[in-house]
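The values are calculated or read from the model by the stated rules, or taken from the named source; none is laboratory data. Note that this is a predicted model, so its numbers are computed, not measured. Note: ideal-geometry Cβ built from the backbone for every residue, glycine included; neighbour counts use all protein chains shown. All accessible areas refer to the heavy atoms of the entire protein, side chains included, with ligands and DNA or RNA removed. Shrake-Rupley method; radii C 1.70, N 1.55, O 1.52, S 1.80 Å.
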Amino acid sequence: MGFSTDAIHIGQEADPATGAIIVPIYQTSTYVQTELGKNKGYEYSRTGNPTRAALERNIAALEGGTRGLAFASGMAAVHAVMSLLKAGDHVIAGRNLYGGTFRLFELVLKDYGLNFTYTDTRRADEVERALGSRTRLVFIETPTNPVMEITDIAAVAEIAHARGVLVAVDNTFSSPYFQRPIELGADIVVHSTTKYLNGHSDGVGGAVILKDPELARRIQFFQNAAGAVLSPFDSWLVLRGVKTLAVRMRQHDLNGRAVAQHLASHPKVKGVHYPGLPSHPQHELARRQMSGFGGMLSFETGSLENARILLKSVQLCSLAESLGGVESLISHPASMTHASVPAEERRRLGITDGLVRVSTGVEDVEDIIADLDRALDRIPA
Ligand code: P1T
């Protein structure tokens, strides 16, 4: 079946007990047992819940994995992936990650004895050079948050696998509709379902999708042991969200392209990061690896003061953290999502004080462009 059919139907079969067309919210902590050791497949909702299980089956199918696991947030999902490692293990991480992921690695997991090397994973030879005898995992985002760098997943997977190293891809920005890392060779996919999968800015969640059943078993063990599970209601919201993932992503992509093109020719804009623009340094790779470019972009206003004026002047675009909802959001990565990345490192990555990020929603694109134009007009020439 096609992607949209799977999104609407896998895990989302009519309820066998009642015929309800929608998966019920099993708002229960526990399940009655008929006798010791006899149950209907569920015993406690941290361990398993039918609504969460429906979502887990659905997202596994969308990413082409054998198993999906849903967590209380994207960060809980990233943390679960790291539970595969032991003190002394080495991780090669992309140099530009969501600030919260960088914070988890540097300010939490380093103290547990994990070692991290941050690498420009756009260059497969740099990944190869960073490999050591204790390297267990390469962790990348592509496109990256917020400067939209692209890593060649197949090339990195080939290099890593030759040394027995796992590859995890945070696929939050593309969603499985535009990019399927497991098909490109990745072992593990991570999502903040808070973003495109849920799609309506009304729930925080995360997911891990795996190809290998043994790795999946280990992540599931951690999910139950550590307990950061997605609630039944939040699982239901994501189940509802994914049904329209394909149509939403098509519109995010159309709007993202139009806004990026418009900004690229605007005299007040000093540069646009969007993989769909032919001027993007990795446009060709993006075209090969992704089937669309989506709604995320960032652009350079030239200074903190210019960014401040713009962010204060927009009316339709809301100044807020997060992304991937139907409404357009605008943010300032240096002081918001990437504040925990040291200033010098931010500058090296191009996360300047003048950089503004847009999560292009699915409103009428003329209205989004007019809003940005009105705000850009307020910046002095
Ligand atoms: O917020 P949470 O659901 O815990 O997801 C964390 C996360 C993981 N990976 C990527 C690529 C992300 O963008 C995020 C969260 N990002 C934002 C809140 C943001 O505004 O960029």
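Selection of segment 318-355 for residues being of a type in the set (S, T, N, Q) and away from the ligand (no atom under 16 Å from the Cβ) yields only THR352. The C-beta contact set for segment 109-125 (first residue touching a residue at least 60 places away in the same chain (Cβ under 8 Å), second residue surrounded by fewer than 19 Cβ atoms within 10 Å (Cβ to Cβ), distance under 7 angstrom, 6+ apart or interchain) comprises ARG122/GLN282. Out of all the residues in segment 263-273, is one or more buried (at least 23 other Cβ atoms within 10 Å of the Cβ) and small (Gly, Ala, Ser)? Taking every residue of segment 263-273 in turn, none turns out to be buried (at least 23 other Cβ atoms within 10 Å of the Cβ) and small (Gly, Ala, Ser). Could you please let me know if GLY276 is more than 17 Å from VAL356 (Cα to Cα), buried (at least 19 other Cβ atoms within 10 Å of the Cβ) and among the small types (Gly, Ala, Ser)? So GLY276 fits the description; yes. If you go through segment 153-194 and keep only what is more than 16 Å from the ligand (Cβ to nearest atom), closer than 28 Å to SER279 by Cα and charged (D, E, K, R), you end up with GLU158, ARG180, GLU183.
Given the residues GLY11, GLY19, which is the only one that is of a type outside the set (S, T, N, Q), open to solvent by less than 60 Å² (accessible area, probe 1.4 Å) and touching a helix residue (DSSP H, G or I) at 6+ places or on another chain (Cβ under 9 Å)?
On the way: GLY19 fails: touching a helix residue (DSSP H, G or I) at 6+ places or on another chain (Cβ under 9 Å).
On inspection, the qualifying residue turns out to be GLY11.
Among the residues of segment 61-82, which ones are away from the ligand (no atom under 16 Å from the Cβ), open to solvent by 10 Å² or more (accessible area, probe 1.4 Å) and out of contact with any strand residue (DSSP E or B) (no Cβ under 7 Å at 6 or more places or on another chain)? Give the steps one after another, and end with the answer.
Going residue by residue through segment 61-82, those that are away from the ligand (no atom under 16 Å from the Cβ) are 61-62, 64-67.
Checking the rest, the ones that are also open to solvent by 10 Å² or more (accessible area, probe 1.4 Å) come to 61, 64-67.
Scanning segment 61-82 gives ALA61, GLY64.
Kindly evaluate ILE150 against the criterion of being within 16 Å of the ligand (Cβ to nearest atom) and either open to solvent by less than 20 Å² (accessible area, probe 1.4 Å) or touching a Ser or Thr at 6+ places or on another chain (Cβ under 7 Å) (or both). In short, yes. I need a count of the residues in segment 115-136 that are within 18 Å of VAL341 (Cβ to Cβ) and either assigned to a strand (DSSP E or B) or over 20 Å from the mean Cα position of the chain (by Cα) (or both). Total meeting the criteria: 4.
For the condition surrounded by fewer than 20 Cβ atoms within 10 Å (Cβ to Cβ) and in contact with a Ser or Thr (Cβ under 6 Å, 6 or more places away or on another chain), what is the one hit in GLU126, GLU106?
Only one candidate passes the filter, namely GLU126.
Listed here are the residues, each with its yes/no results for (1) of a type outside the set (S, T, N, Q); (2) within 18 Å of the chain's Cα centre (by Cα); (3) outside the structural domain of LYS195 (by TED's automatic domain parsing); (4) at positive phi.
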| site | (1), (2), (3), (4) |
| --- | --- |
| PHE233 | yes, no, no, no |
| LEU237 | yes, yes, no, no |
| HIS262 | yes, no, yes, no |
| MET296 | yes, yes, yes, no |
| GLU305 | yes, no, yes, no |
| ILE309 | yes, no, yes, no |
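Selection of segment 218-254 for residues being of a type in the set (Ser, Thr, Tyr) and not in a helix (DSSP H, G or I) yields SER231, THR244. In segment 186-198, how many are within 12 Å of the chain's Cα centre (by Cα) and open to solvent by less than 10 Å² (accessible area, probe 1.4 Å)? Residues that pass the stated criteria total 7.
When residues in segment 199-226 are screened for being within 16 Å of the ligand (Cβ to nearest atom), among the small types (Gly, Ala, Ser) and open to solvent by less than 60 Å² (accessible area, probe 1.4 Å), 5 of them pass.
Checking the stated criteria, ASP89 turns out not to satisfy the condition of being in the same structural domain as VAL169 (by TED's automatic domain parsing), open to solvent by 40 Å² or more (accessible area, probe 1.4 Å) and over 20 Å from PRO181 (Cβ atoms). Can you tell me which residues in segment 367-381 are open to solvent by 10 Å² or more (accessible area, probe 1.4 Å) and within 11 Å of LEU316 (Cα to Cα)? Passing the criteria: ASP367, ILE369, ALA370, ARG374. Residues that are buried (at least 24 other Cβ atoms within 10 Å of the Cβ) and in a loop (DSSP other than H, G, I, E, B) were ranked within segment 153-178; the one that is nearest to the chain's Cα centre (by Cα) is THR172. Does GLY100 qualify as being open to solvent by 20 Å² or more (accessible area, probe 1.4 Å) and either within 16 Å of the ligand (Cβ to nearest atom) or more than 27 Å from HIS332 (Cβ to Cβ) (or both)? Here the answer is no, as GLY100 does not meet what is asked.
Select from segment 130-140 the residues that are open to solvent by 10 Å² or more (accessible area, probe 1.4 Å) and either charged (D, E, K, R) or touching a residue at least 40 places away in the same chain (Cβ under 8 Å) (or both) and list them in ascending order. Break it down into steps so the answer makes sense when it comes.
Applying the first criterion (open to solvent by 10 Å² or more (accessible area, probe 1.4 Å)) to segment 130-140 yields 130-134, 136.
Matches in segment 130-140: GLY132, ARG134, ARG136.
Just one of the listed residues (VAL247, VAL229) is at pLDDT 95 or above, over 14 Å from the mean Cα position of the chain (by Cα) and closer than 20 Å to ILE368 by Cβ, namely VAL247.
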